[in-house]
Amino acid sequence: MKAVVKTTRGHGVEVIEVEAPKLKDDEVLVQVEAASICGSDLHMYEGMHAYEWVATPVILGHEFAGKVVKVNNPAHAHLINSRVMINPYVPCGECKNCQRGRTNLCDHGQGAMDKVPAKSLQYGFRQNGGMAEYAAIHYQNVLPIPDSMPIEVAGMLEALGIGVRALERSEIQPGDTAVVIGPGPIGLSLIASLSNYRLKKLIVTGLSADEERLQLAKELGATDIVYADQIPDVEAVSKLTNGEGADHVFETSGFHQSLVSGVRMCTKGGELLLVGISAKETVLPSHEIVRGEITVKGVYGVTEQTLRQTISMAASGKFPYQKLISHVLPLEKAVEGFEAGVQKQGVKVILKPLC
Ligand SMILES: [Zn+2]
Ligand SMILES: [Zn+2]
């Protein structure tokens, strides 16, 4: 079968013929119909810096959906022909984080103080993923999706889940004001998810060079755009909120100065959710965090609960997720898709092995 493989630790990926997967005990065979390219896939495409924990060679793809076509254990026969999306996390089910439902943080009982991606993050990283014609997946990791959902949307549910996880971690309520820093794929998907929360204001900040993505943010439901290279972003948020500041700031850019701005954009008692990953350590104005009782929270990955919530949000038709799809390419053209992603063209690139 054809697959997108990270064969070496250097630049690039290869679309090559590999052996079709053989099913182990509790695995089912998923015929992949759509897989999307994530920011982490782009990082791995450019080289494996900070991805020492990823095994190579590995078939990439942790955001994907398709149809179950074969099972190994007759007890899972009912899954055959179901349309499913894949949860890339394989938790141990026993550790403290698993017992509290935080399967996105499960380290299989080891390494809880190492803040690297949880050991439960498997498909597309530590085990073969879904940028291929077929994938062998544990039966507990396939989640049913409704027939009515476009397969391209199903293929990016895991990515949409990151924004949904941010909402789960937040105290957001109708009538609040929110800022999303950074109009990248995660920032835009968050805006799409926030568009239905009846917020007083939903402000997006970015650079003039992000013009297309900022205009898309407006289409998705942002009420105001702040061009952070034209006007100090904190000042702009202050003006737009009559000096009140924002109840919730979602930082998705990972740019260190934006983290500082994020604290300052908050109203007293507000919260800053860090979704983007910063390349370097950042000093935050701690006196302001203390005096303003600002809550700073990290947001990472998704749980099964997050994914089920994301499936139901996408199935409701109330969120403009489809507008995030900018490219639909056959698997053979994966490199074209990765290049588009690296050059920040469009938003979500969907690969379709069957087209
Ligand atoms: Zn992802
Ligand atoms: Zn666990």
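The values are calculated or read from the model by the stated rules, or taken from the named source; none is laboratory data. All of these numbers come straight from a predicted model, not from anything done at the bench. As a convention, Cβ positions derive from the backbone with ideal geometry for all residues, glycine included, and neighbour counts pool all protein chains shown. Just the protein is used for accessible areas: all its heavy atoms, side chains included, with ligands, DNA and RNA removed. Shrake-Rupley method; radii C 1.70, N 1.55, O 1.52, S 1.80 Å.
Structure above, values below:
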item: Radius of gyration and maximum dimension Dmax of the stretch 1-143, Cα, Å; result: 15.2, 43
item: Of all accessible heavy-atom area on the stretch 257-355, the percent that carbon and sulfur account for (1.4 Å); result: 51 percent
item: Proximal charge balance of residue 169 [Cβ under 15 Å; K/R count +1, D/E count -1]; result: -2
item: Separation of alpha-carbon centers, the stretch 14-43 and the stretch 67-136, rounded to whole Å; result: 13 Å
item: Estimated inter-spin distance, residue 308 and residue 218, nm [label 7 Å along Cα→Cβ]; result: 4.0 nm
item: Hydrodynamic radius of the chain per Kirkwood, over alpha carbon pairs, in Å; result: 20.7 Å
item: Within the accessible area of the stretch 59-212 (1.4 Å probe), percent carbon and sulfur; result: 48 percent
item: Separation between Cα centres of the stretch 203-279 and the stretch 294-349, rounded to whole Å; result: 20 Å
item: Cα→Cβ-extended label distance, 7 Å offset, between residue 31 and residue 315, nm; result: 2.2 nm
item: Assigned charges on the beta-carbon of Lys, Arg, Asp, Glu; the chain dipole about Cα centre (debye); result: 560 debye
item: Cα-only Debye scattering, the stretch 16-99: base-10 log of I(q)/I(0) at q = 0.20, 0.27 Å⁻¹; result: -1.15, -1.29
item: Mean accessible surface per residue for the chain, computed with a 1.4 Å probe while every protein chain stays in place, in Å²; result: 45 Å²
item: Computed [θ] at 222 nm, deg cm²/dmol, the chain (DSSP H ≥ 4; -39,500 (n - 2.57); rounded to nearest 500); result: -7500 deg cm²/dmol
item: nm² value of the averaged projected area, convex hull over the Cα atoms of the stretch 108-212; result: 10.2 nm²
item: In the stretch 198-294, lysine pairs with alpha-carbon atoms under 21 angstrom apart (chain gap of 8 or more, or interchain); result: 8
item: 23 Å Cα cut-off, lysine pairs counted over the stretch 1-132 (separation 8 or more, or different chains); result: 15
